[in-house]
1. Check the stretch 490-498 and report whether any residue there is open to solvent by less than 60 Å² (accessible area, probe 1.4 Å), part of a loop (DSSP other than H, G, I, E, B), of a type in the set (Val, Ile, Thr) and modelled with pLDDT of 95 or more.
2. Kindly establish whether Glu66 is in contact with an Asp or Glu (Cβ under 6 Å, 6 or more places away or on another chain), open to solvent by 30 Å² or more (accessible area, probe 1.4 Å), modelled with pLDDT of 95 or more and not hydroxyl-bearing (Ser, Thr, Tyr).
3. Test each condition in (1) free of Cβ contacts under 8 Å to residues at least 24 places away in the same chain; (2) part of a strand (DSSP E or B); (3) not β-branched (Val, Ile, Thr) for Arg560 and report the one that comes out false.
4. Search the stretch 219-233 for residues being open to solvent by less than 40 Å² (accessible area, probe 1.4 Å) and either modelled with pLDDT under 90 or out of contact with any strand residue (DSSP E or B) (no Cβ under 6 Å at 6 or more places or on another chain) (or both), and hand back the single one that is farthest from Tyr87 (Cα to Cα).
5. Condition (residue is within 22 Å of Ser520 (Cβ to Cβ), crowded, with 22+ Cβ neighbours inside 10 Å, of a type in the set (Phe, Trp, Tyr) and touching a Lys or Arg at 6+ places or on another chain (Cβ under 9 Å)) applied to the stretch 328-338: is it met by at least one residue?
6. Would you be able to tell me the number of residues in the stretch 290-305 that are crowded, with 24+ Cβ neighbours inside 10 Å, of a type outside the set (D, E, K, R) and not in a helix (DSSP H, G or I)?
7. Suppose the filter is modelled with pLDDT under 95 and closer than 22 Å to Ile85 by Cβ; does Leu367 pass it?
8. Out of (1) touching a residue at least 60 places away in the same chain (Cβ under 8 Å); (2) touching a strand residue (DSSP E or B) at 6+ places or on another chain (Cβ under 8 Å), the odd one out for Lys503 is which?
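The values are calculated or read from the model by the stated rules, or taken from the named source; none is laboratory data. In this text, all values refer to a predicted model and were calculated from it rather than measured experimentally. So basically every Cβ, Gly included, is an ideal-geometry build from the backbone, and we count neighbours across all protein chains shown. For the accessible areas, the whole protein counts, side chains as well, though only heavy atoms, and no ligand, DNA or RNA atoms are used. Shrake-Rupley method; radii C 1.70, N 1.55, O 1.52, S 1.80 Å.
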Amino acid sequence: MYAFTSAVPPVDNSALLMKHAFFAVCLCAAILQAGERSRPAPRPISVYINWAAYDELSDNVELTEELALRQLNEVLRLRRLGVRIDYYVNDCFWFSKEGGYRSFRKPHWPNGPDRWLEACRRNGLKPGLWVATNTLRGLTPLPEWKDSLNRSGDALCLFEGGYLRHFIGSLQYWYDRGVRLYKFDFSNFEAATPAAEKKYTREEIVRRNMDAFRNALFEFREKNPEVVLIAYNGFGSEQRGTFAPFRKSVDLSWLDVFDSIYCGDPRPADVPAINFWRSKDIYSDHMVRRFEQDNFPLERIDNSAFIIGTTGTCYNRRTSAWKGMLILSLARGGWVNTYYGNLELLTEDDARWFAKAQSMFMRLQELGRTRTFGAVPGEGKPYGYVSAGETGEIYTVVNPSQSILKVDLPAKGEGRVLFRDAGFVPVLSGGAITLGPEQMAVVGFGRYADASFDLGVQEDVVIPTRIRPLAAQFKQTARGELTGTVTVPAGEDLRIIMQQFGKDGYPLRTTGGSPPDGTSLGKLLRITATQDGKELPIEIQYDKAIWSGLSWAAGEIKARDLDPGKPVTIRFTTEEKQVHRMTAQTYGVVY
C-alpha cells in the first residue's frame, strides 16, 4: 500500500463516484445475467432416450407407438427396482413428414402421442422430443419455412424468413402439452437464403445463425423455466477419432442456453483392444477429456456412452460389458445422464445393480467435484476419474495399454477395490493400483472403502494374468498386406494387434457400412495365421458392421491350437485403398 500527499486543494468527486457506482451496478447486472444465461440443469438428472431400441439410420428398425410404449413399461419396471429415470425422450423420426414438428408420424402412431404423454404424466415421468435444428431430416418444408430455405433446399436459415419463429412455436406447442426436454441435433449454421449468401460472408452467416438461434432459445427458456435443452450434432467438436492433435473447436457460448452438449456418438477408439467394448469406453473417455481441455465443465458434458441394444447404432452389443460402460458413464461427472436402448435386456438383478451404482455416483456428481487424472485416453496410457465426496472418494481407473502397469492414484489412506474386470486381480498398495492390459477398476477411499459399496466383478470382460511382448519381424509385402513370423513358448496364447495409417501419419478408419447390409470389418481388415502350412483359428471381437469405421484389427490364438517352439506366419490384409503404412505387435498372454 502506498500513501500520497499533495498540495492540490480537495476536489468534489461526488459526480465521479456516482458514475463509478453506476458502472459497478451495470457490471454486476451483466455478471448476474451471464450466470443466469449459463445455467446447467439444477441437479444431476437421468434421461432415457429410446434410440438404439430402434434405428432408422444404421439399421432398419422403425420407431412406432407400440415400441415407445413397450420401452415406457420397461422404464417403469426399472424404476420400481430402484433405477432413477426422470425423463423419457422419443428420438428421431417420431414426427410426420408434413407436420413441421407438430404432429406424430402415421401409421406408426395411429393414436398420436396421447397415450405416451398421458402415461408419462400419470407416472411422474417427464417426456422429451428430438428435433433437427435447421436441416430437413425427413421433413417437407412448410409454406411458413420456404422463405428460409437455402439454395440446395436441404437446410433453413435461422436469421431470415419464417422458419425459426415457427420452429420455436412448435417447441412451445409441445411444452404446453407436457414436454419438458428437447434434444437438438443436426444443425447447419452455414445455411443461408440465396439473398443472404450474396450479402454476407460465410463467417457472418454462421455468426448470424448462431446468434439468432441462441437468442431464441434463451427467450424460450425464460418463458418456460422447467425446460431442459441438450445439444448433439452440429454444435462443435471433432469426433472422427482419438488421434488428432487437440485444437479448440467448441463454442462455449452454447452453455448460455444448453444444459449439456454431447461429445460424440460412441464408437471404437484408435487405441486397439482385444475387447471391442473397452475400445468404445476409451473413445468416450477421450472425447470427454477433449471437451474438458476446451474449458467445458465436466458436469455440462453429456458423454452419451451408455447404449444397450440389438441395432446397428450400438453394433448389436446387447448387454456385453454393460456394467463397466455404466460405471464410466457415471464417473465422467456429467449432470445429464443419458441411457439408450433396449431396457428389456436388463434383468431384475441387473436393475438392482444399476440402481446401486447410480445412487453411489449421482450423489457425488451433485457435489460437482469430479476431476480427471492421468494421460489423455487416446494416448493409450492409464487415466481415470476422481468422484469426490465430503468424507471419501471413488477412483475409476482404466489401463488401455497392452502391459501390466502400476498406476499412481492421487489418494490418501487405505482403499478398497470395489469393481474390476475378471481375470487379473488388481493390486492396491501404497496409493497405487496395478492393472492388467485393457483393465478398468473402481477403488473406494474414506467412507467408500467399505464392503457395502462393492460392485463386484465384470465377468464378461476377462483380463490376462500375464502378458509380454514377443519379438517378431514384419514387413509390408504388397499394397495393403503385412506379413511376419513369431515363435510362441508353450502355455501362452498368441495376441496379435495390427493397425493401419494414412499418408498424414494418423490411424486410418475403414468401414463397410451399417447393418443390415453393411460389410463386416472381419472381411475388410483380416488377420490370418498358419503354422506348418495349417491355418490357425483366431478369436476376434471386431467382426461387426461398424458404421463409424475401425483403424485396427486384434485377435488371439489359443495355446491349445499352437505347436510351441515352431514359427507362426501371420498375415494382415486390408481392403482400404488409402492405407499408407501398417504396423503389428505380438504378445504372449496367459489367462
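1. Among the residues of the stretch 490-498, not one is open to solvent by less than 60 Å² (accessible area, probe 1.4 Å), part of a loop (DSSP other than H, G, I, E, B), of a type in the set (Val, Ile, Thr) and modelled with pLDDT of 95 or more, which makes the answer no.
2. no
3. Every listed condition holds for Arg560 apart from (2).
4. Phe220
5. no
6. 4
7. Against the criterion (modelled with pLDDT under 95 and closer than 22 Å to Ile85 by Cβ), Leu367 qualifies.
8. Condition (2) is where Lys503 drops out.
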